[in-house]
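Heads up: the structure comes next, in structure tokens.
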Ligand code: XIL
């Protein structure tokens, strides 16, 4: 069912109109207590779907205890012109989280994806770009100080071979852009937990080793980093087992770091899906959720979307924990079972 995003005019003089996502009372009532699972259970939320689709909003509010903005905090949305910030969508999601008792994971402060042209096409010197990066991180983290518990500060800095990925930030500043971003985030909110987030590290290989090495180096240099995120975009044909994730999380714990599954989805190939694909998908989610539940340093598991209909992997891949109508799939039951508090 479609619902309009309501425009609530703020009464205070000088405040402009502020849009917010309407949460009908029967949906709000379904929200689980913030600590009802052993670990925060998150979903990436899209402002459009949350405002328009009741099934999506209901599944999110009733099923999850943490929210990651799927796109609303990316540079192209939040910093569309040099020095001009547009916090509208991010504000909507942070307000939705507050009204429904969800924790917020902020995402991402530095990434080579979804950058506006003024960044990628700028003729930058290192000083200038460092100043822009610092200002961006301080503005975004500062605005949500005390309201965003955990941030993906540096997103996907590595290439498949474990070397640095070429990006405007790396090309102009070299590896020190990472340190600049972590320090600026820490200055802006000293209580926030700051993560390095990476894709394609859910199996052994050079990139998985490189992300642990990089995190360890940052710790040794006194950079304020608190954890490493495993995106875990995967498939029913090739998902990580609990044992592998447990080993990675334990390595991080021994360096004094946290860990999280930050963007999990598990695609099912539309053609030639294996028999019992939904059960296999449930097993994939269950293994990751158990790895997180059993690791004292795991700060949560986030699924990269709410219902299959809006997944960035494609609706036909059915990668998420709720079907297009917002009904829970076996995957959701497996996650809840792994994260259930036992009495
Ligand atoms: C994806 C979003 O889900 C899409 O809506 C968008 O078009 C592209 O980005 N790694 C990340 C996420 O860190 O921010 C990406 O999200 C998926 C891969």
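For the reader, a short list of remarks on this structure follows.
- Spatial separation of Cα centroids for the stretch 197-263 and the stretch 128-162, in angstrom: 18 Å
- Using C-alpha pairs below 8 Å separated by at least 6 residues, the relative contact order for the stretch 57-102 is 42 percent.
- Expressed per residue, the C-alpha convex hull volume of the chain stands at 143 Å³.
- Equivalent-ellipsoid semi-axes for the stretch 255-328 (Cα gyration tensor, √(5λ), whole Å, largest first): 25, 14, 10.
- Highest mean packing comes first when the peptides 309-320, 278-289 are listed by Cβ atoms within 10 Å, giving 278-289, 309-320.
- As a length-normalised measure over Cα pairs under 8 Å and 6 or more apart, the relative contact order of the stretch 66-199 settles at 27 percent.
- At R0 = 30 Å, FRET efficiency that the Cβ-Cβ distance of residue 255 and residue 160 yields, to 0.05: 0.80
- Rounded to 0.05, the FRET efficiency of the residue 187 and residue 276 pair, given R0 = 51 Å and the Cβ-Cβ distance, is 0.50.
- Label point at residue 238 placed 7 Å out along Cα→Cβ; residues across the stretch 313-332 whose backbone nitrogen lies under 20 Å: 313-320
- For the chain, adding -39500 (n - 2.57) for each run of n ≥ 4 DSSP H residues and dividing by the number of residues yields -11500 deg cm²/dmol at 222 nm.
- Difference of contour (0.36 nm per residue) and Cα-Cα distance, residue 33 to residue 327: 103.8 nm
- Computed from label points 7 Å out along Cα-Cβ, the spacing between residue 342 and residue 26 is 3.7 nm.
- Note on residue 131/residue 213: beta-carbon distance plugged into 1/(1 + (r/R0)^6) with R0 of 30 Å gives a FRET efficiency of 0.55.
- Relative contact order of the stretch 198-261, pairs being alpha-carbon contacts under 8 Å that are 6 or more residues apart, as %: 40 percent
Taken together, the values in this text are just the output of simple stated rules run on the coordinates, not laboratory data. The model shown is predicted, which means the values in this text are computed figures rather than measured ones. Backbone-built Cβ (ideal geometry, glycine too); neighbour counts: all protein chains shown.
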